[in-house]
Amino acid sequence: MQSKVNFVDRLQAEYSALPGSEQRVADAILSDPAEVCVLTASELSERAGVSNSTVTRLVHRIGLENYDALRRQARLLLAIDDMDGQPGLGLGL
């Protein structure tokens, strides 16, 4: 069963407590959560202007094992959004 708290909710909840570099990663993710499905960790780190390890730290901070787990959750949420019209990532796809 899918957790009711997804990575977008977690990022928003943790945002104010994040260090500046992790906030830049969160900003990049929150600006287009669906892009997590296709971006590698390196591409996300480049987009945010931070190191790969900063992306990894943020992923761990929101309770995920690794970046691939984040991508899987994003894909699942998009599939839920697409299948039943319920807000997966809130993108209305």
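Computed from the coordinates by the stated procedures, all read-outs in this text should not be read as laboratory data. Treat the numbers as computed from the prediction; the structure is a model and nothing was measured.
Residue separation times 0.36 nm, minus the C-alpha to C-alpha distance between Gln12 and Arg75: what's the value?
Gain on stretching Gln12 to Arg75: 20.8 nm.
Can you tell me how much longer the chain between Asp32 and Glu46 gets when fully stretched, taken as 0.36 nm per residue apart minus their C-alpha distance, in nm with one decimal?
That works out to 3.5 nm of additional length.
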